[in-house]
Amino acid sequence: MTELPSYLPIELETTTFDLIVVGTGIPESVIAAAASASGKTVLHLDPNSFYGSHSASPHLNDLTSFLNYHATLPSTTAANTTSASSSHDFTALYLSLQSLYSNVETANYAPETLAQHSTQFSVDLGGPRVFLCADKATDLLIKSGVNSYLDFKGIEASFIWDGSGRLCDVPDSRSAIFKDKSLSLLEKNQLMRFFKLVQRHLGASNGDDEGRESSKISEEDLESPFVEFLKKMHLPPKIKSIILYAICLVDYDQDNLEVCKSVLKTRDGMERLALYQNSIGRYGASGALLYPTYGLGELSQAFCRRAAVKGCIYVLRMPVTALLIDQNSGQYKGVRLASGEDLFSHQLVLDPTFIVPLLPASSPPDLRESFQVLSLKDDKRKVARGICIISSSLKPDISHFLLIYPPRSLFPEQDTSIRALQIGGGLDKLAVCPSGMFVLYFSGLCDDAGQGKRLLHAAMNALLTLPVSANPESCSAAGSEDAEVKPTLLWSMLYIQELTTVPTGQYENIISTPMLDGNINFSDLIESTVVLFQKMYPDEVFFPETPSSPEVPENSEDVTELSLEN
């Protein structure tokens, strides 16, 4: 084992808990808060000096250190040597870590400027990501009372890349369709008719008085690929692309079944359209999307605050080094900290970085098999992520917006959508970077690092100008004509993130949480987290209904500053 630095004992009043949670990412923090709300005694640990783990929004220096450290961890495919020691009635089974990031690529074109402001950045490790106003994640914030600790702003606009270098508005409502100058009159009529068809179907399906049974889409069509249904509606490629990739937020090229790893059915397409439609205008937002002030890392911190109010104990900067296993039964007993202290619990939640090594050969075979499957990466896909700091907004007078590159809009071999999210800086905006700068996030699903980096570079090159020297304030940008319309890139970091899903054969009292997925929202991650909690505590309610805190500020004068209320 690598020798750890010395850690002082935390000297808690008790050494036994109902639940110990390691890592303060979103899944771990939600579980800790839900368990605390159910009256469980919870100890929440994190080896980092900041909250959030893989869901954090650290400063630039912390982000660089975190990614470089995790990218240099040994691969899970390498042989791992089981290390154990016995003491009293249990065996200490030492944990190892797996590398969930790779191919970290950093470029700094304005080192002096960024060094002066490095602590003013709160950069999302798992971006781009937003909340749909009506999705499960937003509902959970209200149900749990966590909305009391968060403020939001609405994402001002959504755009789609048209393949010829233009950012076109996403006409996602009746008023947006009429205002859109890029659509012909025929296209506007086609889109309006389609949305009316969707509304009639949803109304009939929900039993609304205005919905008629005859307005329902047939079962045959609902089970067919959504792209085929759109073709049946005689929608042109441009409208079809907007619906599939900018509103339904589909990942893979639906027109090419040879490369499409997930075909969206019409039934699911209708559900996504309904979610988007129900999100528009909710909580005073003009659009469908929200983003939290100070970055996505605030979400983990908010759940941690909620847990702390209910008695959860928090300890940062404290690694867990080993599991304690009962020598007789082979059951989980507790954990050993880097300080040398042994703490005990009935349940344990580990973030996806941890690998539980094999039990000693003397253990029963069925117990060794259970541990072998824990914490293994069983999703072969990856997420290519990019973070850019730019000198000006991509769209004048718009600070926060989402941009979708549909499949094949950048190059013929582009099989997946690429998503980009621009967030503006300054305390009057979302306070994620200094005023006058903007953070631009990119992501796309990929099979390997080469494919992922090609996606990111193509998306960046389509939007940004690279300075010809390290001082962008004093240099002329490459391509003088484009320099007037393309922002200058000040800093970038590209990396590949592994995807993990929850193993199916987990050990009874140990839960391993999933990594952030490749989605633009949190719905699937929250759904997976709820399943984990219910597996741990099948008789407990996941966050009993809690009235909104009276501390939630109301700001009716500025609808862009949003607090979620019932």
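Taking amide H positions as placed 1.01 Å from N in the peptide plane, with prolines and chain starts having none, which residues 5 or more places from GLN347, or on another chain, fall under 5 Å of its amide H? For GLN347, the qualifying residues are LEU19, ILE20. Just to be sure I understand the model, the point goes 7 Å from the Cα along the line to the Cβ. What's the resulting VAL259 to ASN206 distance in nm? Rounded to a tenth, the inter-label distance reads 3.7 nm. Three principal axis extents of the range 416-465 based on alpha-carbon atoms, in descending order, are 39, 21, 15 Å.
Entry note, the range 115-273: relative contact order of 15 percent, from Cα contacts under 8 Å with a spacing of 6+ residues.
Using the structure shown, list the pairs from LYS153/LYS310; LYS196/LYS216; LYS181/LYS231; LYS238/LYS380; LYS238/LYS382; LYS216/LYS238 with a Cα-Cα distance above 20 Å, or answer none. Display every interim value, and only then the final one.
Details: LYS153/LYS310 28 Å; LYS196/LYS216 12 Å; LYS181/LYS231 24 Å; LYS238/LYS380 32 Å; LYS238/LYS382 28 Å; LYS216/LYS238 25 Å.
Pairs exceeding 20 Å: LYS153/LYS310; LYS181/LYS231; LYS238/LYS380; LYS238/LYS382; LYS216/LYS238.
Average accessible surface for the range 153-203: 52 Å² per residue, computed with a 1.4 Å probe over protein heavy atoms with every protein chain in place.
What relative contact order, as a whole-number percentage, does the range 297-341 give when Cα pairs under 8 Å and 6 or more residues apart are counted? Across the range 297-341, relative contact order equals 28 percent.
For the pair the range 153-223 / the range 435-462, the C-alpha centres are spaced 28 Å from each other.
One quarter of the surface of the convex hull around the alpha-carbon atoms of the range 193-348 equals 17.2 nm², the direction-averaged projected area. Whole-Hz Karplus values for the range 522-532 come out as 9, 4, 5, 5, 5, 4, 5, 5, 4, 4, 5 Hz, taken residue by residue from phi with 6.51 cos²θ - 1.76 cosθ + 1.60 and θ = phi - 60°; glycine and proline positions read x.
Of all accessible surface on the range 307-359 at a 1.4 Å probe, what whole percent is carbon and sulfur? That fraction is 49 percent. Between MET233 and ARG317, the simple label model (points 7 Å from Cα in the Cβ direction) yields a spacing of 5.6 nm. The packing ranking, built from the mean of other Cβ atoms within 10 Å per residue, places the peptides 132-145, 388-401, 290-303 in the order 290-303, 132-145, 388-401, highest first.
In the context of the full set of protein chains, residues of the range 385-435 present 29 Å² of accessible surface per residue (probe radius 1.4 Å, heavy atoms only). The heavy atoms of TYR283 present about 50 square angstrom of accessible area, all protein chains included, probe 1.4 Å.
The values are calculated or read from the model by the stated rules, or taken from the named source; none is laboratory data. Because the structure is a prediction, the values reported are computed rather than measured. Cβ sites come from the backbone with ideal geometry, for glycine too, and all protein chains shown count toward neighbours. Protein only, heavy atoms only, side chains kept; ligands, DNA and RNA dropped before computing areas. Shrake-Rupley method; radii C 1.70, N 1.55, O 1.52, S 1.80 Å.
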